[in-house]
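What follows is a set of notes on a single structure, which appears directly below.
Please treat every number below as a calculation from the coordinates, not as lab data. In this text the structure is predicted, and so the values were computed from the model without any measurement. As a convention, Cβ positions derive from the backbone with ideal geometry for all residues, glycine included, and neighbour counts pool all protein chains shown.
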C-alpha cells in the first residue's frame, strides 16, 4: 500500500513536464510570450527517474509532456513516457503542435517512437493561432503517421472568449478543425485563452470584461499536479540539485 508522504500532496495524481520552451510556432495567444527556436530541455534521465520515484509512493493517473514544442526533444518525451508505462500510469499524454520536422521520414520515425514508448493520448494543437505560422500540411502528415501507429489523437483548439463566441479567430479555428474532418479525429474541449504573455500583448481588446482565470494555477496547500520546468524547477526547489522524493517530504506551502 502506498504511503502518504506529505499532507500537502495527499491528492497528488498528475505529473507534467514542460520539456522545453523552444517552439516552432509564433502564436499570438501564447501565455508564455515569445519562444526561442531552440533552447534548454528537461534532462531525460532525471525526469524519468522522477516519474518512477513519485509513482512508487503516489497513485499517479496522468503524466503529461508539453512545451514549447516537446517533440523538438523526442528523446526526453520518450524517456518520460517509457517510465510512465513501466509504472502502469494509465494516461500518458503529450500536447504538441505537430510541427517539429519537415522531413516525412523523420515524422514517421517520431510517430513510431511515441507509439513504442506508450503515448496513449496525443493532443494536437490546431486552431487559428497555431496555423498562422505552422503549416497545416505537415501537421496532417504527423496526424496520419500517428494514426497509423495506433496512437489515440484528439484535436485541442484554443478558443478566444469562449468556444461559442463568433469572433474572427474562432471562425477561423472552426475552419481549421473542418480541414481535419477526413481524419475522423475527435475534437477535445480545448482551452479558453487567458490573458498572459502574448495573449495580453496581442489580444487585449478581447479581455475588456471579466477576465478568465488561469486554469493551471495550483493551490500550494493542496498540490494535485507536480509541474517540472525545463530547468528542473519544481515545488520549492530544483530536481537537478536535490532528490525529488526528498523535496516532496520537505515541502511546505
Review point. Quick one: Cα centre-to-centre distance for the stretch 84-108 and the stretch 66-82, in angstrom?
Key: 7 Å
Study note, to complete from the structure: Yeah, the stretch 132-235 with a ≥ b ≥ c from its alpha-carbon gyration tensor (a/c under 1.5 is rounded, else prolate when a/b outruns b/c, oblate otherwise) is oblate
Review point. Using Cα atoms only, what is the angle between the long axis of helix 168-178 and the major principal axis of the chain, expressed in degrees (0 to 90) to the nearest 10?
Key: 80 degrees
Revision key, fill the gap. So, relative contact order of the stretch 1-107 in percent, Cα under 8 Å, 6 or more apart, is 32 percent
Revision key, fill the gap. Stretched fully, the stretch from residue 175 through residue 154 gains (0.36 nm per residue minus C-alpha distance, one decimal, in nm) 5.9 nm
Study note, to complete from the structure: In nanometres, the difference between 0.36 nm per residue of separation and the alpha-carbon distance of residue 240 and residue 196 is 13.0 nm
Exercise for review: Give the Rg/Rh ratio for the stretch 37-147, taking Rg as the radius of gyration of the Cα atoms and Rh as the Kirkwood radius, to two decimals.
Suggested key: 0.98
Exercise for review: For the chain, find the longest principal axis of its Cα atoms and tell me its angle to the long axis of helix 74-86, 0 to 90°, nearest 10.
Suggested key: 50 degrees
Check your understanding: Label points 7 Å out from Cα along the Cβ direction at residue 205 and residue 61: separation in nm?
Key -> 4.1 nm
Exercise for review: Only Cα pairs under 8 Å and at least 6 apart count here; give the relative contact order of the chain as a rounded whole percent.
Suggested key: 27 percent
Check your understanding: Just the Cα atoms of the stretch 7-250: what Rg and Dmax do they give in Å?
Key -> 17.8, 51
Point to revise | Mean residue ellipticity (222 nm) of the chain, computed from DSSP H runs ≥ 4 via -39,500 (n - 2.57), nearest 500 | key: -9000 deg cm²/dmol
Practice item. Could you sort 39-51, 219-231, 174-186, 15-27 so that the peptide with the highest average Cβ count within 10 Å comes first and the rest follow in order? Key: 15-27, 39-51, 219-231, 174-186
Practice item. Give me the angle, in degrees from 0 to 90, between the Cα long axis of helix 136-148 and the longest principal axis of the Cα atoms of the chain, rounded to the nearest 10. Key: 50 degrees
